[in-house]
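Single-structure report; data block below.
Values quoted throughout were computed directly from the atomic coordinates according to the rules given, and no laboratory measurement underlies them. The shown structure was predicted, so the numbers you read here are calculated from the model rather than taken from an experiment. Cβ sites come from the backbone with ideal geometry, for glycine too, and all protein chains shown count toward neighbours.
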Amino acid sequence: MTKAPASVEFRNVTKAYGAVVAVDDVSFVIPPANLVTLLGPSGCGKTTSLRMIAGLEMSTKGQIFIGDKDVTHLSAADRDVSMVFQSYALFPHMSVLDNAAYGPSVQGKPKEQAREMAMDKLKMLGLDGMVNRLPSELSGGQQQRVAIARALVLEPQVLLFDEPLSNLDAKLRRRVREEIRELQLRLNLTVAYVTHDQEEALAVSDKVIVMSNSRIAQVGSPRELYEEPASLFVADFVGDSNLLDGEIVGEINGNARVRMGTSEVELPKGNAKSGPVKVMVRPNAVKLHRTQPAEAALKARVGKASYIGKHMEYTIETAVGELFVVDAVRPDAWKTGDDVFVVFDRSMVKLLLA
Amino acid sequence: MRKRALLWVAVALAALVLAPWYMEPADGSVPGFWLTRVINPLESALALGFGGRLWLLLALVPALAALKPGEDVAAARWLTACGLIGLALVLAQGFLIGLKGWNLDMLSAFGSGPTQGGMGTGGFLVLAAFLMLTCAGLAGQGWCRGDFFVVSAIGWVIGLIVLFVFMPVLNILASAFQDNAGHLMPALFWQKFSDASIWGLGCVTSGTACGVAWNTVFLGILVGLSSTILGTAFALIALRTSFPAKGALKLLAILPIITPPFVIGLALILIFGRSGAVSTFLFQWFGIPPSRWIYGLPGVFIAQTLAFTPAAYLVMLGVVQGISPTLEEAAQTLRAKPFTIFATLTWPLMRPGLANSFLLGFVESLADFGNPLVLGGNFEVLSTKIFFAVVGAATDQGRAAVLSIVLLSFTMMAFAAQQLWVGRKVYTTISGKGDAGLQIPLSRRVEWGAYFLAVPWGLFTIAVYLLIFYASAVKTIGRDYTFTLQHYVTAFNIESGANGLLFSGSAWPSFFATVKIAAIAAPLTAAIGLLTAYLLARQSFAGKRAFEFGTLLSFAIPGTVVGVSYILAFNVPPIEITGTMLILVICFIFRNMPVGVRAGIASLSQIDKSLDEASFTLGASALTTVRRVILPLIKPAILASLVYAFVRAMTAVSAVIFLVSAEYNLATIYIVGRVEAGEHGLAIAYSATLIVVMALAIYLINLLIGERKIGRRGAAPAPSAPTATPVPAA
């Protein structure tokens, strides 16, 4: 009786609390069987958007569709959507089994059947050994599995996750996010996932919706966001980046000639026009040389060098500002005070409107 | 929506056709308990309507109109309109046509008008059905996320509060502007209001007595100050010293809940009255002649200070606990001496709490009725004056209404000051993060000051309570200290006769009536209180602030004012319930409901909202969520409000003294009667019994709550003990 996964669509949705606008004229589509992340800093409207999908908040304007159905005015109880809460929201006075069986049981399913449905999903998540425990007798990771099992029991068309990893320790986070992704692919689910952790978003998503100040900043695959950020905000928020001041002074072979400080470099033009621009340089796009290389290079000095274990992190002082640089660990690593020449890997440098 | 509409239209029609519209049967026979008269088609609105009372047929129009089919928003609007029109029609006919014809002078142009009595089952069922139709319509329009349960809960609570809190108060306002025959006389209001017996300043300008308003305010200020000072001293001792008998202080917090409000006054008479224990002792040993000094301001002041210090103690306990120890530790590391820390940090942080406690003491003193009644003598306060204006030789309802307005405006001002000014200023120095600091001990000076105030007073309190029990077991305090159980026998004698046990003691009828009424009122009080708490804590809707204010309002209305207003409002149609048990139950519900509201809100605020939301996303309605998730989690709050509602119903005096009848006399009123008849022994024995019964009730409940199984880390709502909610006793 598996239902086909459904799409979720926002059409010009606005949510206002009095004069405060939490979500401002937002439109997007989550295709069926996709895992789409709503990413953004706190207060950007991502959780409000998720709660509007669930029906826990009602939109002030605009329409919300699940599949082909307009659910804008349906209450949470009438939508075929389940949610895994940040706090898990397990009912503390019910056993694991009763928690999982809650959904079918309040839908009027007989007790036996509800329990069977619950057991089915609890087994799938490896929880069948602890069905009679109270939530308070489980570890954080186990509680979360129960929350997921409970959300899955009704086999919803759409499954929602609200910052599901925020209460787990760092090691567990990586494992759980992989499990969630695996589960989504295996069960062919449509999942909307809220997080403020960009690394987590890049790791699990088919598509990421970056939100900022109640609006959508950019929608794209993880790779597009990292490599082709549409705005300064996205460039800064997704991954680490150095944002340097520059000015387009001319054009050569379709590339822009950009003046940075006293030197000029040739960079892919993108959508930047002439005039002042920001040059986005990813930390791994900077190559350091001891001697002047063949191509154009900036003269610089190593300000700080930190050993992180899997790589080195440097602060490089240049005439155009400080650069944050990541490099492999080598026997002859740079030391504070070394004079270096800086070359940019042009495939990972982008011009953005200032 | 459609199904609900059909159901409630069916209820309305059935009530119109089958149920007797009026409370009293048409043949003029004395009704039994009228709520049990449910079916009698001959006395239904339909039958009576066709029999000449055409206005009763009006309700059929909106009821039938609500049958118009449709599921969309327009249909929901139509349904709402039908419901509202139905409510308006039924209420309008009820209020416009009274026992003696038109209720409004304006309508006398149409002749003397038809007459009718109070509404009965039929009338109330129709009102309920129209209310539900309105709510179904509003839910259909998407109010409260379209949840019918929530909308109808709001509808019911608002409807009941308007009917049983606002309407009586408005009635008082209205009757203050009327003469006793019911004609509008604004000039009379001014004459009564500006009377010298209310506002006179004779005690300042000449040797005569001051006006009753000044007496009341003066007493209120004195009691506010004294109870705050003592309460603060007790709180500092409990939290900041190594005082050995801290357990006794906990007891202090429970005492006023289980003590009927006038018992302290009674005990003071037995100690300091003309033939009191101390007075006779002083006369026999030192030749000091006994006097009547205790009757009047000194006596009432001492009694009220004794009665309200525990409430101040609880407020100050919270305030002192709320001062984060880290702040004081920070001051310590900055080399401040203990007294400097107290003077520069602890004291300023306590100030808003002190103001709060003062206002509480002030309001409680204003509302207190029992102590001034037994101890007042010639010292009159508003609450007793109101009582005598209603029951005294010169009954004057208008005067009672004017005095009520004066008293009500005083308490409202204090209430507003507390809500708007002090309430916002209270420094919450407890953050969500754990404070690891230790409470630092008090400076020596402050510590000894606190002992100096608190210890003698504590001993005095203990002496008073011991005396209550001692006096109940001797013949006559002051004269004959022979041990006897005679008072208990008179009150609670049980004989075994031919027909089994015979409860021949004189106190039994009132005792059984009190327990019965308290037992009926308690669950209803808890239910409506917790429902209101749920709406306030979990739902958002237009007008929520006003809703919250309305529920808190009944806190601020002194009991005497409630009593008078109930008489004025419910002695006449359409709701004619004076003299019944119902009016006592309703009075208790709306006087004690705020306690359930507070306990419920406190409990709900500890349950994460995402539990509700998880339940919604799993397809449960609000009602199912309440039943299966919320109720099991707030069990302690349920129990606490049940007990508290029960105990307060057992100890109330001020409001119900107006409402009791021969059939339903209450224990406290019976005791007051015994005091006035001079039967102190019987009165004190009965009081002591009540104290023990209620202490047992509270103990049993604490036992039950304590055994509740709470998960290791789950949401563990702290038992919101009734002791944490000091309210004006009356």
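Miscellaneous remarks
- Pairs exceeding 22 Å between alpha-carbon atoms, taken from A:K278/A:K299; A:K171/A:K287; A:K123/B:K609: A:K171/A:K287; A:K123/B:K609.
- Estimated distance in nm for a label pair at B:E676 and B:F95, the labels positioned 7 Å out from Cα along Cα-to-Cβ: 3.4
- Helical runs (DSSP H, four residues minimum) scored at -39500 (n - 2.57) apiece and divided by the length of chain B put the mean residue ellipticity at 222 nm at -20000 deg cm²/dmol.
- Simple Cβ-charge dipole of region A:8-236, Lys/Arg +1 and Asp/Glu -1, about Cα centre, in debye nearest 20: 400
- The tail of the calculated P(r) for the protein assembly as shown, taken as Cα-Cα distances beyond 57 Å, holds 32 percent of the pairs.
- Against chain B, whose longest principal axis is taken from its Cα atoms, helix B:667-676 shows a tilt of about 60°.
- Using the rule -39500 (n - 2.57) for each DSSP H run of four or more residues, divided by the residues of chain A, the 222 nm mean residue ellipticity is -7000 deg cm²/dmol.
- Qualifying aspartates and glutamates (Cα of each under 20 Å from Cα of B:K246; at least 8 residues distant if same chain): B:E447
- Projected over all directions and averaged, the alpha-carbon convex hull of region B:246-374 occupies 10.7 nm².
- Angle between chain B longest axis and helix B:347-367 axis [Cα atoms, degrees, rounded to 10]: 60
- For region B:631-661 versus region A:88-150, the gap between their alpha-carbon centres in whole angstrom: 38
- Cysteine residues of chain B whose Cβ has no partner cysteine Cβ closer than 4.7 Å: B:C82, B:C135, B:C144, B:C587.
- A simple charge model with +1 on the Cβ of Lys and Arg, -1 on the Cβ of Asp and Glu and nothing else charged puts the dipole of the protein assembly as shown at about 1040 debye relative to its Cα centre.
- Nonlocal amide H pairs with A:S212, under 5 Å, H built at 1.01 Å: A:A217
- Cα-projected label distance for B:R627 with B:F541, points at 7 Å along beta-carbon direction, nm: 2.0
- Relative contact order (%) - chain B, alpha-carbon pairs under 8 angstrom, separation at least six: 16
- Within region A:8-236, DSSP assigns beta bridges of which about 50% are antiparallel (rounded to the nearest 5).
- Prolate/oblate/rounded label for chain A (Cα gyration tensor, a/c 1.5): prolate
- Here the residues B:Y664, A:Y314, ranked from fewest to most Cβ neighbours within 10 Å of their Cβ, fall in the order B:Y664, A:Y314.
- Only lysines eight or more places from B:K250 in sequence, or on another chain, were considered; none has a Cα closer than 18 Å.
- Taking other C-beta atoms within 10 angstrom as a stand-in for reagent exposure, B:L360, A:L323, B:L99, A:L38 fall in the order B:L99, A:L323, B:L360, A:L38, fewest first.
- For B:M1, B:M119, the sequence from fewest to most other C-beta atoms within 10 Å is B:M1, B:M119.
- Given chain B, longest segment not containing exposed loop trypsin sites (Lys or Arg not before Pro) (DSSP; at most 15 other Cβ within 10 Å): B:480-707
- Extension gain for the segment B:R444 to B:A330, taken as residue separation times 0.36 nm less the Cα-Cα distance, is 39.1 nm to one decimal.
- Potential lengthening between A:S231 and A:K69 on full extension [0.36 nm per residue; Cα-Cα distance subtracted]: 54.9 nm
- Listed pairs A:K109/B:K544; A:K273/A:K335; B:K544/B:K635; A:K46/B:K544; B:K68/B:K544 exceeding 30 Å between Cα atoms: A:K109/B:K544; A:K273/A:K335; B:K68/B:K544
- Degrees between helix B:581-604 axis and first principal axis of chain B (Cα, 0 to 90, nearest 10): 70
- Spin-label model, A:A294 to A:L243: label points 7 Å out along the Cα-to-beta-carbon direction sit 3.5 nm apart.
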